[in-house]
Amino acid sequence: MVIVPRTPPTVTPEIRTFAMAVLSGREPAGIAHVACHARQDSVVSECFAAVDDQVRELGGTAVHGWALWEHPGVLLEAEFHAVWCSPLGGVVDVVNRGGDPRPHILFVPDPTRGYAGAPLDTVRVPLVTDPRMDELLRASEAIFEIMNRGDRATQKHITMPRLEHERLLALQALKGNRLAELVRDHGAG
């Protein structure tokens, strides 16, 4: 069972505090819902390439920052992300989410960060104290480390030894199971 985080429907004080933490204590210049209009010709979940293609074809600029997600009552997440700012100033999320019908995301710009070709790990803040959350957080960090070990950080198609792949699959299963348990036991909404 895959549990998909939701877009926070409003900017609550909790979300604002989280955004400030993600921005290293700086007040967010703006946290806003950004409409999703996916480029169907782009690779699924590759926001930086999709935005670069959009800028090349239609002008405008890339805006780097963080997409904010929540598992209500359980976990907040900030994913390093890019959106497109049109030449007229409209901001749109053009990433292809592979059939996800999400109408918008919650986005906070981060003028101090740009995309340098390697991913940044998702920032996670637990909303519940539970030993299973510690397991989920450790598994998430280990997954990121495996996926970005050595040259993998800048490769689109990666390969790894069988034992490492088995470890990755076990970590992904552990993360998914712990999240499902936490949402079941502590989730709100």
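Observations on the model:
- In segment 29-40, the condition of being open to solvent by less than 50 Å² (accessible area, probe 1.4 Å), of a type in the set (D, E, K, R), in contact (Cβ under 8 Å) with a residue 40 or more places away in the chain and touching a Pro at 6+ places or on another chain (Cβ under 6 Å) is met by no residue.
- Candidates R16, R26, R39: the one that is in a helix (DSSP H, G or I) and either out of contact with any Lys or Arg (no Cβ under 6 Å at 6 or more places or on another chain) or under 27 Å from A153 (Cα atoms) (or both) is R16.
- Residue check for A67: open to solvent by less than 10 Å² (accessible area, probe 1.4 Å) and free of Cβ contacts under 8 Å to residues at least 60 places away in the same chain: yes
- Members of segment 110-126 that are open to solvent by less than 60 Å² (accessible area, probe 1.4 Å) and either out of contact with any helix residue (DSSP H, G or I) (no Cβ under 8 Å at 6 or more places or on another chain) or among the hydrophobic types (A, V, I, L, M, F, W, C) (or both): G114, A118, V123, V125
- In segment 70-79, the residues that are within 10 Å of the chain's Cα centre (by Cα) and either outside any strand (DSSP E or B) or surrounded by fewer than 23 Cβ atoms within 10 Å (Cβ to Cβ) (or both): E77, E79
- Some residue of segment 43-62 being buried (at least 19 other Cβ atoms within 10 Å of the Cβ) and touching an Asp or Glu at 6+ places or on another chain (Cβ under 6 Å): no
The values are calculated or read from the model by the stated rules, or taken from the named source; none is laboratory data. All values reported here derive from a predicted model rather than from experimental measurement. Because the Cβ atoms are built from the backbone with ideal geometry, glycine has one as well, and the counts that use them run over all protein chains shown. To get the accessible areas, we keep the full protein, side chains included, count just its heavy atoms, and leave off ligands, DNA and RNA. Shrake-Rupley method; radii C 1.70, N 1.55, O 1.52, S 1.80 Å.
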